[in-house]
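*Asks:* Let me begin by handing over the structure; questions about it come next.
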Amino acid sequence: MDILIKIVLAILFFVCLVDMPYGFFQLVRYAAMIGFAYLAYSANEHTKKNEVFIYVALAILFQPFIKIALGRTIWNIVDVIVGIGLLLSLFKSKVERK
């Protein structure tokens, strides 16, 4: 389940680079908050404290209730960094499983 969530979130973050309606960005914020909260819970179950901290911080950053106004350019940079980070974490977890 973690793999699917990471892939979907990464795709959503990369799609945010395209000019989309405002409702799409709201959907991404809700999906990111829920996805990162689940990933934090899952990381906590596997006692990965560093990952728990990262996912909780990302859930807070993307939460839709109290918006953090960073501007479109900075949000695009954040989206790319987080999207790449999610994809890299997939490869890291794949190497750890071997």
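A short reminder: the numbers here are calculations on the coordinates, not readings from a lab. No experiment lies behind these values; they were computed from the predicted model shown. Reconstructed Cβ throughout: ideal geometry from the backbone, glycine too, with neighbour counts over all protein chains shown.
*Asks:* Where nothing but the Cβ of Lys and Arg (+1) and of Asp and Glu (-1) is charged, how large is the charge dipole of region 2-92 around its Cα centre, in debye to the nearest 20?
*Replies:* 120 debye
*Asks:* Quick one: how many lysine pairs does the chain have with C-alpha atoms less than 25 Å apart and a gap of 8 or more or different chains? Give me the count, please.
*Replies:* Lysine pairs satisfying the spacing and distance rule in the chain number 12.
*Asks:* Given 0.36 nm per residue, what is the gain on full extension from Ile77 to Leu4 after removing their alpha carbon distance, in nm?
*Replies:* 24.0 nm
*Asks:* With a length cut of 27 Å (Cα positions projected on each helix's long axis) and a Kyte-Doolittle mean of at least -1.0, go through the chain and give me the DSSP H helices that pass.
*Replies:* In the chain, the long hydrophobic H runs are 22-45, 72-97.
*Asks:* Evaluate E = 1/(1 + (r/R0)^6) for Tyr41 and Asp19, where r is the Cβ-Cβ distance and R0 equals 35 Å; express this FRET efficiency to the nearest 0.05.
*Replies:* According to the calculation, E is roughly 0.55.
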